[in-house]
Amino acid sequence: MTLQRREWLKTIAAAGVGALGYTLPERIHAQTTRIQPLALKDYQPKSMLHVPETHVPRSRFPAIDFHTHLTWIDRKGKTDVVHHNATPEEVLRVMDAKNVRIMVNLTGGYGALLEETVHHWQQPHPDRFIIFTEPWYAKIKLPNYSRFQAEQLEAAKKAGARGLKILKTLGLYLRENVTTGSLVKVDDKRFDEMWEAAGSLDMPVAIHVSDPEAFFLPTDRFNERYEELSAHPDWSFHGKDYPSNAELQEARNRVMQRHPRTKFVCLHTADSENLPYVSECLDRYPNMYVDIAARIGELGRQPRMTRKFFDKYQDRILFATDATPHGDETPQQIFGNELYEIYYRFLETEDEYFDYAPARIPPQGRWRIYGIGLPDEILKKVYFENAARLLGL
Ligand SMILES: [Zn+2]
C-alpha cells in the first residue's frame with residue numbers, strides 16, 4: 001500500500017467515530033480551538049452592507065444647538081471656579097463650517113461665576129452664544145433658600161442668562177446636607193419659587209432628570225450598556241438609595257403640572273427608550289418640550305417610531321447635541337465637525353445602519369442607527385424655529 005493511500009484511509013476512518021480514537025465532538029473542538037477567544041472590547045465587526053453613505057457637511061437650514069457645555073463649574077476645590085472648555089474663536093470656526101448660528105451653553109454657573117461665563121462667551125459674541133444659569137445648590141441649607149434661589153434667578157437674568165439649567169444633580173446627587181443625608185427629590189417644594197420665577201421671567205428651564213434606563217439595572221450580561229457602565233461604574237444608579245427611572249420621570253411631571261406658565265425642555269428626549277411614554281407626557285403637559293442631545297443612538301435605532309414622533313411633535317422638539325469641546329470621556333459628545341455631520345445625516349437622510357458617534361466602538365451600546373429623512377418644513381422647526389421661539393429671539 002502506498003503512503004498516499006494509507007493517509008487517505010486514515011482520513012476516511014477519522015470521519016467515522018472512534019476509528020483512530022477521536023470522537024466527532026473532539027474533532028470539532030480541535031478545529032474550533034484554532035480560533036483564539038476574543039475579548040468583547042477587541043471586537044470591531046465591519047458591516048458588509050452595501051448601502052448609500054451620504055455626507056452632509058452643513059445642515060440644510062441654520063441651526064441653534066440648544067444643549068452644549070462650553071464651560072463647567074469646577075466644584076472640587078475650596079471655591080468653585082469656571083472652567084472654559086475652549087476659546088470662542090475655536091468654537092466659532094466649527095459653527096461657521098457646520099451652519100450653527102447659535103450655541104446655548106447650558107452650564108453657565110451662578111453668581112459671580114455666571115458673570116464670568118457671560119463675559120467670556122456672550123459679551124464678545126452676543127448673536128452667537130447664549131448662556132443659561134444653574135441653581136446654587138450649595139446654599140440649600142439656608143433657611144430662606146426658596147426665596148434666595150428665586151432671587152438668584154432674577155439676578156442671573158440681569159447678568160445676561162436666558163434660561164435655567166437643571167443637571168441630574170437634582171434627584172440623583174444633591175442631598176439634604178449637599179453631599180450627605182437623604183436625596184433631595186426633583187419635586188421638592190423648596191424649588192417651587194424658582195420654577196415659578198422662571199415662568200414669570202420668561203426663562204425656559206432645560207431639565208435633565210434620570211439617565212438611560214439601563215443605568216438603573218445591574219451591570220450584568222443582560223445589560224445593553226454593559227461596556228459603557230463597565231468603563232464608568234460611577235454612572236450606575238442601581239441599588240443604594242437611588243429612585244427608579246419612573247419615579248424621577250413622574251416627579252418631573254408633577255413639577256411641570258404645578259407650574260404651567262413655566263416652559264420645560266426635557267433634555268435627552270426625556271426618556272428616549274420609551275417614546276410612547278414621552279408622547280403621553282407631551283400630550284398631558286403643554287408646557288413640555290424635548291431636545292435630542294446625546295440620544296440619536298436611541299432615536300436612530302427605532303427610526304419608524306421616531307419619525308412618527310417628529311411628525312406629531314414637530315413644534316416641540318429641539319436640535320441639540322450635548323457638545324463638549326475636548327470631552328474625550330464621552331465620544332458621543334466631542335464637539336467638532338464630525339459630531340454635527342452625524343446629527344445632520346440622522347435628521348436629513350434615509351441612510352441605513354451607520355455609527356451614531358465618532359468612535360471606534362459605539363460608545364453607548366453596540367448598535368447602529370438609521371436616518372429619518374425629515375422634510376424641510378419639520379427640519380426648519382427642529383433646527384431653529386422651536387428654539388428661537390422659546391428663547392424669545
Ligand atoms: Zn448635557
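Kindly provide the set of residues from region 66-99 that are more than 12 Å from residue 335 (Cα to Cα), within 16 Å of the ligand (Cβ to nearest atom) and among the hydrophobic types (A, V, I, L, M, F, W, C), ordered by number.
The answer is 66, 72, 73.
Could you say which residue among 329, 338, 350 is in a helix (DSSP H, G or I) and surrounded by fewer than 19 Cβ atoms within 10 Å (Cβ to Cβ)?
It is 338.
Given the criteria more than 26 Å from residue 86 (Cβ to Cβ), at pLDDT 95 or above and either surrounded by fewer than 16 Cβ atoms within 10 Å (Cβ to Cβ) or within 26 Å of the chain's Cα centre (by Cα) (or both), does residue 147 qualify?
Spelling it out, residue 147 is indeed more than 26 Å from residue 86 (Cβ to Cβ), at pLDDT 95 or above and either surrounded by fewer than 16 Cβ atoms within 10 Å (Cβ to Cβ) or within 26 Å of the chain's Cα centre (by Cα) (or both).
Would you pick out the residues in region 256-298 that are assigned to a helix (DSSP H, G or I) and within 16 Å of the ligand (Cβ to nearest atom)?
Passing the criteria: 267, 268, 269, 296, 297, 298.
Can you confirm whether residue 284 is farther than 26 Å from residue 365 by Cα, basic (Lys, Arg) and open to solvent by 80 Å² or more (accessible area, probe 1.4 Å)?
yes
What residue, among those in region 364-389 that are outside any helix (DSSP H, G or I) and touching a Ser or Thr at 6+ places or on another chain (Cβ under 8 Å), is farthest from residue 235 (Cα to Cα)?
373
Would you check if residue 34 is under 26 Å from residue 291 (Cα atoms) and open to solvent by 90 Å² or more (accessible area, probe 1.4 Å)?
no
Okay, residues lined up against (1) away from the ligand (no atom under 16 Å from the Cβ); (2) more than 22 Å from residue 204 (Cβ to Cβ):
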{"site": "54", "(1), (2)": "yes, yes"}
{"site": "109", "(1), (2)": "no, no"}
{"site": "146", "(1), (2)": "yes, no"}
{"site": "152", "(1), (2)": "yes, no"}
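Does residue 345 meet the test of being basic (Lys, Arg) and surrounded by 16 or more Cβ atoms within 10 Å (Cβ to Cβ)?
When the stated conditions are applied, residue 345 passes them.
Go through region 300-335 residue by residue and tally those that are more than 16 Å from the ligand (Cβ to nearest atom) and either among the acidic types (Asp, Glu) or in contact (Cβ under 8 Å) with a residue 12 or more places away in the chain (or both).
Number of matching residues: 16.
Just need a number here: residues in region 91-133 that are more than 20 Å from residue 318 (Cα to Cα), open to solvent by less than 10 Å² (accessible area, probe 1.4 Å) and not aromatic (Phe, Trp, Tyr).
Going through region 91-133 one residue at a time, the tally reaches 5.
Looking at region 163-190, which of the residues that are in contact (Cβ under 8 Å) with a residue 60 or more places away in the chain and more than 16 Å from the ligand (Cβ to nearest atom) is least open to solvent (accessible area, probe 1.4 Å)?
So the residue we want is 186.
The values are calculated or read from the model by the stated rules, or taken from the named source; none is laboratory data. All values derive from a computational prediction rather than experimental measurement. Don't worry about glycine lacking a Cβ; one is built from the backbone with ideal geometry, like all the others, and counts go over all protein chains shown. Surface accessibility is based on the protein's heavy atoms, side chains included, excluding ligands, DNA and RNA. Shrake-Rupley method; radii C 1.70, N 1.55, O 1.52, S 1.80 Å.
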